[in-house]
Amino acid sequence: MATMMARSMACLIGCTVTFTTFAATGEKVFFPSLDIDGPTGKGVTLSGLFFKPDASSEVFPAVVALHGCDGMYGRLPGREERLSARHQAMADLLLAEGYAVLFPDSFNPRGRRELCTLPAREQPITQDQRRLDVLGALDYLRSRPDIAHERIALLGWSHGASAVLAAMNARHPVVAAYRARLREPGEFYLTAIAFYPGCYGSLRAREGYAPAAPIRIFIGESDDWTSPRACTMLAKAMEGMDEPLHVTTYPDTYHGFDAPRLPKQHLDLPNGVRPGQGVTIAANPQARDDAYARTRARLRAVLTP
């Protein structure tokens, strides 16, 4: 079983990289999470890749982009310190729009390469920790003189998209306390975009759920890894809230639909809508193009002066 999972993961990552020409490589940066390492009592220091547009502007709006359970890096030899194809494609898109981009690595600094092959209950890195990473990333960007501190957005995929939802819950006490110490509401993330998140955690949050800023979710109707039904239920529950949460679903579309040139695969992984039956991933260029166009439009509306 472990060998089959490893092979599946290699294909999941490797197949997305083989046909891709990488562009900007990014600057390796380090910054503190708000998380504390339990055994040592010390703060967790994250690494990440920071990208900045080649432009004459001295200050840029920014997007924080959160990787999924497979991590943010490629798997082919020589690519281990460079973004995977899907992440690189988004970095290039955002740079072309004039945004700086920060990809925080929540896994390697905690001694993990990926979490996909572990059952959810056994995963050593939780959404609570990733929420603290997201807030640490915001602190880091707001400390940089080349970033427009009141024009920052959040984006993520799958496990990272679930972290997007967790970090944008205004009712969570950690988020509420963080926002309370900001001088202006605009110093928090202005909007958030989540590609195929797991929505059950937010739907069942003990404290309830309220978006801290407008949220857009993109997910396939055939996704059998993260349930689209949970996301539409969450959107329904958010009707009438001060900040909207909108879900766009795509028919005949699976998990990972925006991964470049990814053939349809059935992976023997432990987490999914039907436990024990694996999950399906597959590219859908039409869904990807629509979701990315909507992403560009949303970010332009919020981040462009």
Handout entry: Unmet criterion (only one of (1) surrounded by 22 or more Cβ atoms within 10 Å (Cβ to Cβ); (2) modelled with pLDDT of 95 or more; (3) farther than 30 Å from Pro305 by Cβ) for Leu46
Key = (3)
Practice task
Only one of these is modelled with pLDDT of 95 or more, surrounded by fewer than 18 Cβ atoms within 10 Å (Cβ to Cβ) and touching a strand residue (DSSP E or B) at 6+ places or on another chain (Cβ under 9 Å): Val59, Val63. Name it.
Solution key: Val59
Exercise for the section: May I ask you to verify whether Pro305 is closer than 30 Å to Phe60 by Cβ, in contact (Cβ under 8 Å) with a residue 40 or more places away in the chain, part of a loop (DSSP other than H, G, I, E, B) and more than 18 Å from the chain's Cα centre (by Cα)? Expected result: yes
Problem - segment 40-67 residues that are under 23 Å from Ile125 (Cα atoms) and without any contact (Cβ under 8 Å) to a residue 60 or more places away in the chain, paired with ones that are charged (D, E, K, R) and surrounded by fewer than 17 Cβ atoms within 10 Å (Cβ to Cβ) (beta carbon under 9 Å, 6 or more apart) - result: Gly43/Asp37; Leu49/Glu27; Leu49/Lys28; Leu49/Glu81; Phe50/Glu27; Phe50/Lys28
Fill in the blank from the handout: Of the residues in segment 266-283, those that are within 19 Å of the chain's Cα centre (by Cα) and part of a loop (DSSP other than H, G, I, E, B) come to Asn271, Gly272, Ala282, Ala283
Practice task
Select from segment 272-296 the residues that are more than 16 Å from Thr248 (Cβ to Cβ) and of a type in the set (Gly, Ala, Ser) and write down the one among them that is surrounded by the fewest Cβ atoms within 10 Å (Cβ to Cβ).
Solution key: Gly276
Problem - Positions within segment 177-201 being of a type outside the set (Phe, Trp, Tyr), over 14 Å from Val64 (Cβ atoms) and free of Cβ contacts under 8 Å to residues at least 40 places away in the same chain, in sequence order - result: Ala177, Arg179, Ala180, Arg181, Leu182, Arg183, Glu184, Pro185, Gly186, Cys199
Fill in the blank from the handout: In the set Asp242, Asp223, the lone residue that is assigned to a loop (DSSP other than H, G, I, E, B), touching a strand residue (DSSP E or B) at 6+ places or on another chain (Cβ under 9 Å), in contact (Cβ under 8 Å) with a residue 40 or more places away in the chain and of a type in the set (Asp, Glu) is Asp223
Handout entry: Matching option when the condition is surrounded by 19 or more Cβ atoms within 10 Å (Cβ to Cβ), among the aliphatic types (A, V, I, L, M), touching a Phe, Trp or Tyr at 6+ places or on another chain (Cβ under 9 Å) and closer than 16 Å to Gly198 by Cα, among Leu299, Leu245, Leu303, Leu267
Key = Leu245
Practice task
Mind listing whichever residues of segment 60-76 are under 16 Å from the mean Cα position of the chain (by Cα) and not in a loop (DSSP other than H, G, I, E, B)?
Solution key: Ala62, Val63, Val64, Ala65, Leu66, Tyr73
Problem - Within segment 197-220, tally of residues that are surrounded by fewer than 22 Cβ atoms within 10 Å (Cβ to Cβ), assigned to a helix (DSSP H, G or I) and not aliphatic (A, V, I, L, M) - result: 2
Exercise for the section: Among residues belonging to segment 139-190 that are of a type in the set (Lys, Arg) and in a loop (DSSP other than H, G, I, E, B), point out the one that is modelled with the lowest pLDDT. Expected result: Arg183
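The values are calculated or read from the model by the stated rules, or taken from the named source; none is laboratory data. Since this is a predicted model, take the numbers as computed values, not measurements. Heads up, the Cβs are rebuilt from the backbone with ideal geometry, glycines too, and the neighbour counts pull from every protein chain shown.
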